[in-house]
Amino acid sequence: MTTSSPPGIAADFLATVTGAAYADDPYPFLRRLRDEAPAVRTNAGIWLVSRYDDVRAGLRDPRLSCDLGRLTAYDEYFRTRGIDARFPLPLNALDAPDHPRIRSAMSHEFVPQAVDAMRPAIDAAVAEVVGALPDRGEIDLVADVAYPVPIAVIGRLFGLPRADWPLLERWSRAFGAASDPDALLSDAQRDAAAEATREAGDYFGRLLTRRRREPTGDLMSRWLAAHRAERTMTLAELLVNGVFLLIVGHHNTVSLIGNGMLALLRHPEQLDRLRVDPALMTGAVDELLRYDSPVQTATRVTTGEHRVGDVTIPAGQPVMLLVGSANRDERAFPDPDRLDVDRPGANRNLGFGRGAHACVGGYLARLETAATLTALLRARPGLALAGAPRRAVPSFSLRALTALPLRVDRAPHSSR
Ligand code: HEM
């Protein structure tokens, strides 16, 4: 069966996902999708695939292309975000043979052994950020903790001067706000992303020139040395992927720290389990990633007919594989709307993707999140929500808090 006109739930897609209620809690809508229309074309012209097995299979299927440039509408998408058509696309938008060539040049910096060597830098960043919190009163977890830790780690990896770190936060807020399909965005969001792309590209271009003249042993200097020795990446590829890594290297980790803390504060009994037994933290990070995934979608283009159950998606169609929905699928996770920091099999979640494009920085993100939450819980037993969390609206592709007001008294608080 090929569905060309969307059934009820998908016909309401645009109105639903641009509303504040969806930003607040997308999971009832995603459950309805899984139950009523697990593969469906929406009124935004995009197909949605929402069940765990289908999302997992889609992520691993090389016939689903990452090259969104195949879609005419996406030429416009890149152009309106300031991405110059003469430049190569970043790693996540490439297929073979470019994809494995560039991925292997980039990813060895993020294998567990290399990331374990960053542990002292991660611990130092966490200690500094948590140590700077006031003894009592209110903080914004997003601005005061969740951003500073991953930005310090990726900023140091690239050898960026500390004074420039706030630039990363500004760019990543602009990119994050514009990661949805065009139909969901305002002109202002697109303009801000285009401006951020230009600024980040210029900044990185200058960095590249400096490192070519004077290598410092940072990640960019190592990439340049490899470029001279093996020519695996062109300089343009190096620039584009440098900017890409700078942003993805912190943006979603910020969201995992924020979403994770919020989920724990809303489930005080789970928070207490972590306080009593910090050894649960590693598995808990997988459960937090499953429970409220920062990256909710992975976008692909069909290169031929793609079957999902009894639905056939024609060739040349944009498809969003709904990772966040898959992670709440009762067919894969019993009682999926319950947070359980000790859930068996939580690491089967698809929050870091799967297959050839699986997240390069998953191990680093886990480590940073675990270190930050552990230090925060230890240093501030009196943590409590101090107001309503704020989210970017609309937001279909990413789940990111823009603010999370917390009380951080050193003494435990009586009313949580
Ligand atoms: C909690 C934090 C993070 C989450 C939830 C996350 C999630 C994801 C997901 C779902 C994908 C796959 C997208 C797809 O298949 O289309 C992905 C790809 C990617 N991630 Fe992450 N990520 C996180 C942190 C990081 C960090 C810290 C880095 C780098 C240091 C990073 C680098 C990348 C790269 C380079 C890709 C593209 C891989 C490819 O296309 O081959 N990510 N990430």
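Taking the range 105-125 on its own, how many of its residues are assigned to a helix (DSSP H, G or I), closer than 18 Å to residue 361 by Cα and more than 10 Å from the ligand (Cβ to nearest atom)? First the steps, then the outcome.
Pass one, the range 105-125, residues assigned to a helix (DSSP H, G or I): 105-110, 112-116, 119-125.
Next, from what is left, pick out any that are closer than 18 Å to residue 361 by Cα: 105-110, 112-116, 119-123, 125.
Those left that are additionally more than 10 Å from the ligand (Cβ to nearest atom): 105, 108, 112-114, 116, 119-123, 125.
The qualifying residues number 12.
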Original post:
Is it the case that some residue within the range 391-411 is closer than 17 Å to residue 24 by Cα, over 23 Å from the mean Cα position of the chain (by Cα) and at pLDDT 95 or above?
Top reply: no
**OP:** From 382, 361, grab the single residue that is surrounded by 21 or more Cβ atoms within 10 Å (Cβ to Cβ) and within 27 Å of residue 130 (Cα to Cα).
**Re:** 361
Subject >> Criterion (within 16 Å of the ligand (Cβ to nearest atom) and either within 15 Å of residue 87 (Cβ to Cβ) or touching a residue at least 40 places away in the same chain (Cβ under 8 Å) (or both)) met by exactly one of 245, 235 >> reply: 245
**OP:** Could you tell me whether any residue of the range 388-408 is more than 27 Å from residue 121 (Cα to Cα), surrounded by fewer than 17 Cβ atoms within 10 Å (Cβ to Cβ), within 16 Å of the ligand (Cβ to nearest atom) and among the aliphatic types (A, V, I, L, M)?
**Re:** no
Original post:
Between a first residue in the range 87-105 that is of a type in the set (Lys, Arg) and a second residue that is near the ligand (Cβ under 10 Å from one of its atoms) and outside any helix (DSSP H, G or I), which pairs have beta carbons less than 9 Å apart while being 6 or more apart in sequence or on different chains?
Top reply: 101/94; 103/94; 103/360
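Residues are listed down the side, and each one gets a yes or a no for (1) within 17 Å of the chain's Cα centre (by Cα); (2) assigned to a helix (DSSP H, G or I); (3) touching a residue at least 60 places away in the same chain (Cβ under 8 Å); (4) within 16 Å of the ligand (Cβ to nearest atom):
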{"position": "337", "(1), (2), (3), (4)": "no, no, yes, no"}
{"position": "341", "(1), (2), (3), (4)": "no, no, yes, no"}
{"position": "363", "(1), (2), (3), (4)": "yes, yes, yes, yes"}
{"position": "367", "(1), (2), (3), (4)": "yes, yes, yes, yes"}
{"position": "371", "(1), (2), (3), (4)": "no, yes, yes, yes"}
{"position": "376", "(1), (2), (3), (4)": "no, yes, yes, no"}
Original post:
With (1) more than 16 Å from the ligand (Cβ to nearest atom); (2) at pLDDT 95 or above; (3) assigned to a loop (DSSP other than H, G, I, E, B) as the list, and residue 353 as the residue in question, which single condition is left unmet?
Top reply: (1)
Subject >> Criterion: among the β-branched types (Val, Ile, Thr) and over 19 Å from the mean Cα position of the chain (by Cα) - qualifying residue of 130, 149 >> reply: 130
**OP:** Given the conditions (1) crowded, with 19+ Cβ neighbours inside 10 Å; (2) more than 28 Å from residue 212 (Cβ to Cβ); (3) within 19 Å of the chain's Cα centre (by Cα), report the number of the one that residue 182 does not fulfil.
**Re:** (1)
Original post:
Which one of the conditions (1) in a loop (DSSP other than H, G, I, E, B); (2) in contact (Cβ under 8 Å) with a residue 40 or more places away in the chain does residue 280 fail to meet, given that it meets all the rest?
Top reply: (1)
Original post:
Any idea how many residues of the range 250-272 are away from the ligand (no atom under 14 Å from the Cβ) and either part of a loop (DSSP other than H, G, I, E, B) or among the small types (Gly, Ala, Ser) (or both)?
Top reply: 2
Subject >> Output for the range 297-318, where each listed residue is within 12 Å of the ligand (Cβ to nearest atom), of a type outside the set (Ser, Thr, Tyr) and surrounded by fewer than 23 Cβ atoms within 10 Å (Cβ to Cβ) >> reply: 301
Original post:
Of the residues in the range 166-216, how many are outside any helix (DSSP H, G or I), small (Gly, Ala, Ser) and out of contact with any Ser or Thr (no Cβ under 7 Å at 6 or more places or on another chain)?
Top reply: 2
**OP:** Output yes when any residue across the range 232-249 is farther than 19 Å from residue 88 by Cα and part of a helix (DSSP H, G or I), and no when none is.
**Re:** no
Original post:
Of the conditions (1) farther than 25 Å from residue 295 by Cβ; (2) of a type in the set (A, V, I, L, M, F, W, C); (3) without any contact (Cβ under 8 Å) to a residue 40 or more places away in the chain, residue 207 fails just one. Which one is it?
Top reply: (3)
Subject >> Unique match (being more than 16 Å from the chain's Cα centre (by Cα), among the aliphatic types (A, V, I, L, M), within 16 Å of the ligand (Cβ to nearest atom) and surrounded by 24 or more Cβ atoms within 10 Å (Cβ to Cβ)) among 326, 346, 284 >> reply: 284
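The values are calculated or read from the model by the stated rules, or taken from the named source; none is laboratory data. Just so you know, these numbers come straight off a predicted model, no measurement behind them. Please note: Cβ atoms are built from the backbone with ideal geometry, for glycine as well, and neighbour counts cover all protein chains shown.
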